[in-house]
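Asks: To start, I am sharing the structure in question, which I have written as C-alpha cells.
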Amino acid sequence: MANRSFQLKRSRLAFVFQLSIFTLLIVLLQQLLSPWLWLIVVLLGVIAYVYGLKVPQPMCFEHLDAREWSLSSTKSSSIKRVSISHIIDHKLYIVVYFQHFQEKPLLIWIDQLPLQQWKALKKLAKLI
C-alpha cells in the first residue's frame, strides 16, 4: 500500500457500457418516433457525443500527502493538486470525489488498472 501511484489506461468497459446504453436508446426511440424525427435525434446524439462529451482522461493519479493527490492528463502537461473528499466503490468502477468541486469526479473502471493496483484502490476506498 506504500505505492499509491495509479497509471490509468483507456477503459474498454466504459466504451462498451456507453455503446450499449446508446444502442438501447436508439432502439427505444425507433419504436416511439417517426422515421425522420428518429434520424434527427440520432444524428444530434452522435454529434453531441463526438464534439461535446470528449473529456480529457486523467492518466496519472498519485498520492502526495494525507488527502492531497495530484492529477495529470495526457492532453495537458500541467499537474493539478486536488483534495479527495470521499471515494465510493461500485464494484465495477470507483468514483473519486474532490473537495470544493476543484475537479469533476473521477470515474475509474476496473479495466483501467492492473489487478494489484485495483485492489489497492479498493482498500483505499474503504479507508477514506
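The values are calculated or read from the model by the stated rules, or taken from the named source; none is laboratory data. This structure is a prediction, so every number in the text was calculated from the model and none was measured. With ideal geometry, Cβ positions are generated from the backbone for all residues, glycine too; neighbour counts draw on all protein chains shown.
Asks: Out of the residues in segment 85-106 that are crowded, with 16+ Cβ neighbours inside 10 Å, among the hydrophobic types (A, V, I, L, M, F, W, C) and under 18 Å from Met59 (Cβ atoms), which is nearest to the chain's Cα centre (by Cα)?
Replies: Leu106
Asks: Cβ-Cβ under 9 Å, sequence separation 6+ or interchain: first residue in segment 66-80 and in contact (Cβ under 8 Å) with a residue 60 or more places away in the chain, partner among the small types (Gly, Ala, Ser). Which pairs?
Replies: From residues that are in contact (Cβ under 8 Å) with a residue 60 or more places away in the chain, the pairs are Arg67/Ser83; Arg67/Ser85.
Asks: Under the condition of being in contact with a strand residue (DSSP E or B) (Cβ under 7 Å, 6 or more places away or on another chain) and under 22 Å from Glu62 (Cα atoms), which residue from segment 1-13 is modelled with the lowest pLDDT?
Replies: Per the stated criteria, the residue is Arg4.
Asks: For segment 61-97, which positions are in contact with a Ser or Thr (Cβ under 6 Å, 6 or more places away or on another chain) and basic (Lys, Arg)?
Replies: Residues satisfying the conditions are Arg67, Arg81.
Asks: Further question on the same structure: Six or more apart or on different chains, Cβ atoms under 6 Å: show the pairs whose first residue is in segment 18-40 and assigned to a helix (DSSP H, G or I) and whose second is of a type in the set (Phe, Trp, Tyr).
Replies: Leu29/Trp38; Gln30/Trp38
Asks: Given the conditions (1) surrounded by 12 or more Cβ atoms within 10 Å (Cβ to Cβ); (2) closer than 27 Å to Glu103 by Cβ; (3) not polar (S, T, N, Q), and given that Val42 satisfies all but one, which numbered condition is not satisfied?
Replies: It is condition (2) that Val42 fails.
Asks: In this structure, does Gln112 turn out to be modelled with pLDDT of 90 or more, under 18 Å from Lys9 (Cβ atoms) and loosely packed, with under 12 Cβ neighbours inside 10 Å?
Replies: No, not satisfied.
Asks: Could you list all residues from segment 111-128 that are over 12 Å from Phe6 (Cα atoms) and either in a loop (DSSP other than H, G, I, E, B) or touching a Phe, Trp or Tyr at 6+ places or on another chain (Cβ under 6 Å) (or both)?
Replies: Ile128
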